[in-house]
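Laboratory data are not the source of any read-out in this text; all were calculated from the coordinates shown. Because the structure is a prediction, the values reported are computed rather than measured. Note that we place each Cβ from the backbone using ideal geometry, even for glycine, and neighbour counts take in every protein chain shown.
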Amino acid sequence: MSTGRPFDKLLIANRGEIACRIMRTAKRMGLRTVAVFSDADRNAMHVALADEAVLIGPAPAKDSYLHIEAIIEAAQATGAGAVHPGYGFLSENADFAQACADAGPVFVGPSAATIHLMGSKSAAKALMEAAGVPVVPGYHGEDQSIEALQAAAGRVGYPVLVKASAGGGGRGMRLVEAADALPDAIASAKREAAAAFGNDQVLIEKYIARPRHIEVQVFGDTHGNVVSLFERECTLQRRHQKVMEEAPAIEITAERRAGMAAAALAAAHAAGYVNAGTVEFIADADGFYFIEMNTRLQVEHPVTEMITGLDLVEWQLRIAMGEKLPLSQQEIRADGHAIEARIYAEDAGKGFLPATGTIRSWREPAGEGIRVDTGFRAGDVVTPYYDALLAKLIAWGSDRAQALARLSAALGEFEIAGVTTNLAFLKALAGHPDVVRGEIDTGFIERELAALTHAIQPVAPLDLAAACVAVLVREHNASPAPVSPWDRADGWSVTGRRGRRLSFRHDGQRYDAVLSYGRDGLSMQSGGTSARLQFVPREGGLFDLCLGDAPERASAVWSGRDLDLSTPRGQLKLHWIDPFAGDLAEAVGADRIVAPMPGTVTRVLAEAGAAVERGAPLIVLEAMKMEHTLRAPTAGRLKALKCAVGDFVQEGAELADFEPVAADPESS
Ligand code: MV4
């Protein structure tokens, strides 16, 4: 059936929420939809929603969603007349756009040449500068000699940023405070850029401290028209990963808004831009500066849709069909304020470690001004192969305060079980007084991380550090004689970094930290992050400690293995678990010593038949590059050894028979 349109079947070369989002509009426009999927996505929502679906390869993205030939073949096999790349994957791959142009299907996006041009930060910057778009003062020339780059940095004035020309998203970027650090920074930026992008060209820019990130949505058609659809504020980021985005920008003057829109339109004109694009700026009190142009539909496009009432995917498809822009600049209006929160499968308490697993239950919020875009539902499996974005929650209000209040309430109503999500972190962020006031910059989340994660985690890293220090102080007080580090069997090592695990329980939840001692002193690892730990014991259970560069004073009161901790954040009760004595003995009985994990026996510290005190070190096991000391669960006698130095043992293996002498009231 032909509708007289250039295409009536659309292949979506993507997965997850954006594939579902694109299909929704395509269906409303009467287009038939083709999904592509990997082995890992057979049961995915985007496959179920599509009219047809084609398996394109194994789970790894390079074999499926990044496999240009497989996707082109799928388009040809299904007769799809157009391909929408979504975001990520092949969306900004000029070779893919060219492959579509060569093979037939319309690529829903700009030309391969435009994508290629914008992929080079120096070429894009040169084009924008020529078009009168404000750019950060700096140097983006061909001469890459150290002399030329040094002279440029001197002219610009320190601090400067060295950026990989082919980079983006912060990769290959180095901050240089003074001239003497420049040669090393250039060399390492070039190495990183060559490895990551196969191109070691760099540019030099004045460093803008604490900027805001504001971007302008633009559209161009194939008839030479361009319009802007206002700006978005994407300042709340962590490690170049956007977390919350809003439209319009926070407290922007009419003059700056108009200036940015005009600059973005000049940029789009200069590039002969077709389809959806985003012109990114960094902004501070003094001005705003072009940094890059993204040639795709952005993750955060819904906030623009919510304030304009427009469907950006519909615009993309109509432009791809050769239609003129649906509205003129004067007809495009904004109303109210919208904020999007990105819901990721990740553990904010463990350094934002990606989380995987099966979604056991899923309940979305609903209500006035609330929109949820997702590609997941109960029963779906979150795999480690792809981006961990589970859903986008978007709230609209007549003003920013109402939008934020609706977002906070909806975050509280969102229920996702089975997979760890950042919902609590987002709620803490949405409620942070500085976010409520709109006083943010791109470094905000990193600076406020402790406060933001403390709000969601009853035991923050600093609490765990204080508890570890309390254990060290307790042990020091118990045996104050200086101990030679060579004699210690609990994991301290002079030569390498050996760890000692300390575990605590709070509210039924276990918290682990690993202390290690290296040439640069003591450090604590917990939840995937590591920071230097320093402490000074004082009188009366007080001590000063410093984790990373966060100092504080804490105090500890012990009763048995229970610890009452006081920190500036309040009181905290913790129980010090000894998994190699008490808790394990509980599970297997105190009559044998078993390996708590697979590992190698590196030392045997007591002879068969020896009488030992409770807690005496018996056997040292090395596992996962760490030493673990297995201790006497109670006072007693080591009846028989069942292992020897050098043995590799499985988890649960019996290493010795033990004979307790008396019940120990303290062991728990
Ligand atoms: C900058 C900058 C400060 N000064 N350029 C980061 C990724 C890339 N898109 C550009 N980025 C930056 N360029 C100059 N001259 C600070 C950043 C930056 C940033 C920009 C936008 C959003 C978040 C950011 C987080 C850290 C640094």
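General remarks:
- In this structure, G168 qualifies as within 14 Å of the ligand (Cβ to nearest atom) and surrounded by 14 or more Cβ atoms within 10 Å (Cβ to Cβ).
- Flag if A185 is crowded, with 18+ Cβ neighbours inside 10 Å, under 29 Å from the mean Cα position of the chain (by Cα) and more than 30 Å from A247 (Cα to Cα): yes
- Every pair of residues 6+ apart whose Cβ atoms lie under 6 Å, when the first sits in region 149-173 and is on the phi > 0 side of the Ramachandran plot while the second is in a loop (DSSP other than H, G, I, E, B) and within 12 Å of the ligand (Cβ to nearest atom): G169/H240; G170/H240
- Residue within region 249-258 that is within 14 Å of the ligand (Cβ to nearest atom) and either farther than 30 Å from G351 by Cβ or crowded, with 16+ Cβ neighbours inside 10 Å (or both) present: yes
- The criterion of at least 2 residues that are away from the ligand (no atom under 16 Å from the Cβ) is met, among strands (runs of 3 or more DSSP E) falling completely within region 199-238, by 212-220, 226-238.
- Hits in region 310-357 (condition: of a type in the set (S, T, Y) and either in a strand (DSSP E or B) or touching a Cys at 6+ places or on another chain (Cβ under 7 Å) (or both)): Y344
- Residue pairs whose Cβ atoms lie under 7 Å apart, sitting 6 or more positions apart in sequence or on different chains, and linking a residue in region 124-140 that is closer than 17 Å to H213 by Cα to a partner that is more than 12 Å from the ligand (Cβ to nearest atom) and outside any loop (DSSP other than H, G, I, E, B), are V133/A263; V133/A266; V133/A267; P134/A263; V135/M128; V135/E129.
- Within region 547-562, residues that are free of Cβ contacts under 8 Å to residues at least 24 places away in the same chain have Cβ atoms under 6 Å from residues that are assigned to a strand (DSSP E or B) and loosely packed, with under 15 Cβ neighbours inside 10 Å in these pairs: R553/D544; S555/L542, counting only partners at least 6 apart in sequence or on another chain.
- Inside region 409-449, residues that are assigned to a helix (DSSP H, G or I), away from the ligand (no atom under 16 Å from the Cβ) and within 18 Å of E233 (Cα to Cα) make up a count of 7.
- Scan of region 171-188 for residues that are away from the ligand (no atom under 13 Å from the Cβ) and of a type in the set (A, V, I, L, M, F, W, C), ordered by number: A178, A179, A181, L182, A185, I186, A187
- Conditions (1) outside any strand (DSSP E or B); (2) surrounded by 18 or more Cβ atoms within 10 Å (Cβ to Cβ); number of the one not met by A395: (1)
Here's the yes/no breakdown for (1) surrounded by 22 or more Cβ atoms within 10 Å (Cβ to Cβ); (2) over 22 Å from R15 (Cβ atoms); (3) within 24 Å of the chain's Cα centre (by Cα); (4) among the acidic types (D, E):
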| site | (1), (2), (3), (4) |
| --- | --- |
| A266 | no, yes, no, no |
| N275 | yes, no, no, no |
| F290 | yes, yes, no, no |
| L297 | yes, no, yes, no |
| H301 | yes, no, yes, no |
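- Region 96-136: number of residues that are over 30 Å from the mean Cα position of the chain (by Cα), in a loop (DSSP other than H, G, I, E, B) and at negative phi: 5
- Of all residues in region 145-156, none satisfies the criterion of being surrounded by fewer than 15 Cβ atoms within 10 Å (Cβ to Cβ) and either within 26 Å of A270 (Cα to Cα) or within 12 Å of the ligand (Cβ to nearest atom) (or both).
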